[in-house]
1. Could you tell me what percent of the DSSP beta bridges with both partners in the range 449-553 are antiparallel, to the nearest 5?
2. For Arg372, what residues show an amide H to amide H distance below 5 Å, using hydrogens built from the backbone and excluding near sequence neighbours?
3. Rounded to the nearest 5, what % of DSSP beta bridges with both residues in the range 43-150 are antiparallel?
4. So for each of 464-473, 175-184, 320-329 I average, over its residues, the number of other beta carbons within 10 Å; can you give me the resulting order with the highest mean first?
5. Per residue of the chain, what 222 nm ellipticity follows from adding -39500 (n - 2.57) for every DSSP H run with n ≥ 4, rounded to the nearest 500?
6. Quick one: length gained pulling Asp364 to Thr6 fully straight, 0.36 nm per residue minus the C-alpha distance?
7. Using only the alpha-carbon atoms of the range 14-100, report the extent along each of the three principal axes, biggest first, to the nearest angstrom.
8. Can you divide the C-alpha Rg of the range 492-538 by 2.2 N^0.38 Å and report the result to two decimal places?
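What follows is calculated from the coordinates using simple rules that are stated; it is not laboratory data. Nothing here was measured: the structure is a model prediction, and the numbers come from that model. With ideal geometry, Cβ positions are generated from the backbone for all residues, glycine too; neighbour counts draw on all protein chains shown.
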Amino acid sequence: SHSTSTGVVTWPADIAADYRAKGYWEDRTLGEMISAVADEYPDREALVDGDVRMSYAELADRADAAAARLRDLGFEPDDRLLVQLANGWQFVALTLACFRAGVIPVMALPSHRRYELTHLASLSESRGIAVPDVLRDFDHQALAHELVAELADLDVVLVSGTPRHGAVNLDEILALPDDGTERQLLRRRVDEWNPDPDAPACFLISGGTTGLPKLITRTHNDYVCNIRATTAVAELDENDIYLVALPAGHNFPLACPGILGALLAGAKTVMLPSPEPVRAFTTIAAEGVTISAAVPAVAQQWIENQARTGGNQLESLRVLQVGGSRLPDEYAARVGSVLHCTLQQVFGMAEGLINATRLDDPTDVICTTQGRPVCDADEIRILDPAGADVPDGEPGALYTRGPYTPRGYYNAPEHNARSFLDGGWYGSGDVVVRRPDGNLVVHGRDKDMINRAGEKISAEEIESLVYRLPGVELTAAVAMPDPALGERVCLYLVPQEGRSFDLDEVRDHLTGLGIAKYKLPERLQIVSSIPTTKVGKLDKKALREDIATQLSHSQ
Ligand code: J2J
């Protein structure tokens, strides 16, 4: 058999027992819970994706059939499947099939390319990869075949489209069972495989502050807790219609409460390939969407679109959750006044802790804070650089632990030693202020990351790849402010004597290494030196201020 879950860090036994005793951990798997919902509401609509409309019974039947077919392909419990699918019904059905079979989906994003996928597949020891065929002019299938040729563990390609070179047709894997008898047999067979609720349900990808992204193991117990708590604060129930506009493999639209929350509640999920406002608004009106999740850049587009066009397409929309990066206060106020729905600010992380404003909070809380932890058992501390708790009202570094915040990244003991304090406190790298009413305001961060419209870019990763270009003396990637995206990547570069660079050369070099497009620097600052701090590190704060000043002068 393949890898085991040895790289998974677990909670201390006494704490786990406490979470169980108090009901935060229900000891049921996502697969069995969603099957139970399907038994209760077989004929309700579960999923809408363009012309495809699927009942709970049909979704559950497809998932069970697919679970059995994954086993027949050789997948075993605890095997990993790298999932890089566009938003669509196949993503949901395959994810459920994995939960049922005990196969662990690794949630890659459609924007990932060779560099990211190679790393994620090898770190997770994936046996298979599920890809679209050609999507937005990129041949995902061709890349998947190249990865199979290079990586020892990887040998199955599942393609949503026309399979080549021995790839497996994902639509056949997800096909309905032949008849009622077949269905019964499959159901009984798959029920027996029900995995351990303390085993990982899926691996999520970290926002990344280090050279290479880390994997976050989310157990059935912890993820169900995350989903329950976010479902409660979003007040989501079986009458809701949830719109997926962000990439489905991201924690926010997946589980906060997202697709999985909607499925556990018996609600309907509507999938869109992108959050583009014209299509999103038409879909909201046509399907009667009641709740969706957006990053601030998308919320901004929706507000501007609605302010321009007017009309009542958004009448059914009850709640818009906004998170992933800091929502500017001026836009926060316009969610209510322009979109006529309740804003829920969500300050979350794939590593666990989710903070959110509550729907009945005062306007000032909803519009100027990022809310508070969603679960009673979430613990937070806000510390100064010496490790002492700061008083309310003062900024400090956020640390957290709780029933859905894992105690370590997958297979990363050295990194874990740096990211977690004694006692299992995860340091998110965010600088926050806690107000006396308990709500958090995100002031900034002390991690070396660039947040481009909610997509996280590790400065260290970009720099290490730029250093592979001959003639680079020194380089630093920093965030530059952007009115639409919040931040974009600006690269400072000191060339060696006699060498010159332009932005295109740097971008072509990085593209050639196979990195995702969203990570590419969008401005190059050629300089003769980079300032350093007292301890001799590159002074990124000075660089951020420098580029912000230059941009404000050029406006
Ligand atoms: C400021 N910074 C924020 C916010 C996240 C829900 C919502 C978001 C994520 C997410 C998520 C922020 N204001 N409202 O997983 O379930 C920054 C912080 C945080 C990092 C986590 C969810 N909301 N951030 O964004 O794992 O810096 O998760 O530590 O992608 O995003 O990034 P990620």
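1. On the way: 15 of 19 bridges.
Of the beta bridges lying entirely in the range 449-553, close to 80 percent run antiparallel.
2. Sorted by chain and number, the residues that satisfy this are Ala356, Thr357, Leu440.
3. Numbers: 6 of 13 bridges.
Bridges in the range 43-150 that DSSP calls antiparallel: roughly 45 percent.
4. Working: 464-473: 14.9, 175-184: 12.1, 320-329: 22.5.
Put in order of decreasing packing, that is 320-329, 464-473, 175-184.
5. Details: 19 runs with 197 residues, N = 555.
Computed mean residue ellipticity for the chain: -10500 deg cm²/dmol.
6. Numbers: separation 358, 0.36 × 358 = 128.88 nm, distance 4.63 nm.
Extra length available between Asp364 and Thr6 comes to 124.3 nm.
7. 49, 32, 22
8. On the way: Rg = 13.0 Å, N = 47, 2.2 N^0.38 = 9.5 Å.
In units of the globular-protein estimate, the range 492-538 measures up at 1.37.
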